[in-house]
Amino acid sequence: MIMINFNDRIRQILLLLLIILLIYLSLRELKLFMPGVLGAITLYILSRASYFQLVYSRKWKKGRAAFLFIIYYLLLLGVPIFAAVTLLSPKIGSVLSDPTAVINNIKQAIMQIQAKAGVSLVTEKSLSNSLDQTITFIPSLLNSTLNLVSNLITMLFFLYYMLYHGREIEMTLFKIIPLKDSNTSMLASETKKLVKANAIGIPLISIIQGLTGTLGYFIFGVDEFALWGFFTGVFAFFPVVGTMVVWVPLVIYMYVSGETWNATGLLLYSLIVTGNIDYIARITIMKKMGNVHPVITVLGVLIGLGLFGFIGLIFGPLLVSYIVVLFRIYMNEFTTVPDEKKPDESAVVTKEPSP
């Protein structure tokens with residue numbers, strides 16, 4: 001009897017190793033489309049409650065309800081992409097049409113700034129090499145547009161079937177996760193909370209920052225204020241430095257160009273208004289939506305960008321948060337907890353996913 005159990009365990013381990021190996025090989029070959037898959041998981045978590053409401057409460061057909069969400073996200077994601085292309089394509093087109101003139105203009109402007117400021121941070125030779133590398137990078141950036149479109153299609157394709165089979169997928173996951181019911185529920189709850197906080201909170205903060213920055217650039221006479229406002233919104237994704245990457249060089253350039261009053265006004269506006277808007281938005285929105293600690297956000301962004309690309313802004317903090325959550329689960333699973341410190345079982349949801 002012991003030998004049979006032992007052999008069964010060996011077969012179980014071998015089968016699990018084979019499954020893990022096949023999953024690893026599949027994910028390795030799908031690395032290019034991993035942002036699309038992770039994006040589909042994000043949108044599913046954001047949409048599941050509303051989707052279940054339509055299907056199980058209002059009795060919509062699954063395919064019809066899933067298709068409605070696909071159209072919604074296609075429009076929601078298409079508008080900012082179209083705006084970005086509209087703002088950036090004329091500038092990129094002018095660079096590609098005459099890159100030498102653009103390099104010379106940028107080089108002359110930077111050398112003038114250094115001369116007026118009385119400092120020499122870069123030599124003309126090193127500056128030329130850096131600008132040449134930047135110009136050669138632009139075509140590869142344009143080629144990545146195909147990758148962006150491919151991941152968008154992948155994301156919507158996976159999202160449709162994840163919504164359609166959502167309840168079955170969730171029930172299967174609850175069955176195969178080797179944890180107590182309470183810990184499985186905690187893991188699901190933390191995942192939902194953190195994904196919502198990062199997927200909704202971070203873009204919302206970036207939009208607020210971008211609009212605030214655009215207003216400041218318009219008031220203080222910055223050329224192409226809409227373009228710089230767009231860049232401010234993009235860099236607002238990154239905590240700590242964030243928008244300073246955009247407005248600090250603009251302030252320096254305005255000072256050395258003789259626009260002292262406008263430069264001073266933009267400096268004060270960026271420090272007082274834009275900076276405080278960022279701080280207030282992060283401590284209110286992020287805390288309300290997921291109570292995400294700033295350290296987790298910073299570390300998560302650094303880790304996530306290297307692992308997953310742009311979608312790592314969401315899944316990086318989630319990955320770091322999982323370390324904390326899994327440690328709590330480990331303590332709950334494998335250590336003895338006094339009765340008065342045990343989690344309230346009445347507050348734990350069941351394994352059956354609710355609409």
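The values are calculated or read from the model by the stated rules, or taken from the named source; none is laboratory data. Keep in mind that what you see is a predicted model, and the values were worked out from it rather than measured. Ideal geometry is used to build each Cβ from the backbone, glycine not excepted, and the neighbour counts take in all protein chains shown.
A quick yes/no check of all residues on (1) over 28 Å from the mean Cα position of the chain (by Cα); (2) assigned to a loop (DSSP other than H, G, I, E, B); (3) more than 30 Å from Leu299 (Cα to Cα):
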| position | (1), (2), (3) |
| --- | --- |
| Asp223 | yes, yes, yes |
| Phe231 | no, no, no |
| Phe237 | no, yes, no |
| Tyr255 | yes, no, yes |
| Asn262 | yes, no, yes |
| Leu267 | yes, no, no |
| Ile272 | no, no, no |
| Asn276 | no, no, no |
| Thr284 | no, no, no |
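State whether the residues of segment 205-214 include one that is without any contact (Cβ under 8 Å) to a residue 24 or more places away in the chain and either surrounded by fewer than 19 Cβ atoms within 10 Å (Cβ to Cβ) or within 30 Å of Arg328 (Cα to Cα) (or both). Before you say what the answer is, go through the steps one by one.
Step one: of segment 205-214, the residues without any contact (Cβ under 8 Å) to a residue 24 or more places away in the chain are 211, 214.
Those still in the list that are either surrounded by fewer than 19 Cβ atoms within 10 Å (Cβ to Cβ) or within 30 Å of Arg328 (Cα to Cα) (or both) too: 211.
Yes, segment 205-214 contains at least one residue that is without any contact (Cβ under 8 Å) to a residue 24 or more places away in the chain and either surrounded by fewer than 19 Cβ atoms within 10 Å (Cβ to Cβ) or within 30 Å of Arg328 (Cα to Cα) (or both).
Out of Gly221, Gly233, I need the residue that is touching a residue at least 40 places away in the same chain (Cβ under 8 Å) and farther than 22 Å from Val324 by Cβ. Which one? Let's see the steps before the verdict.
Numbers: Gly233 fails: touching a residue at least 40 places away in the same chain (Cβ under 8 Å).
On inspection, the qualifying residue turns out to be Gly221.
Quick one: which helices (runs of 4 or more DSSP H) lie wholly within segment 1-112 and hold at least 3 residues that are surrounded by 10 or more Cβ atoms within 10 Å (Cβ to Cβ), modelled with pLDDT under 70 and not assigned by TED's automatic domain parsing to the domain that holds Lys192? First the steps, then the outcome.
Numbers: elements: 2-29, 34-52, 62-97.
Ranges flagged: 62-97.
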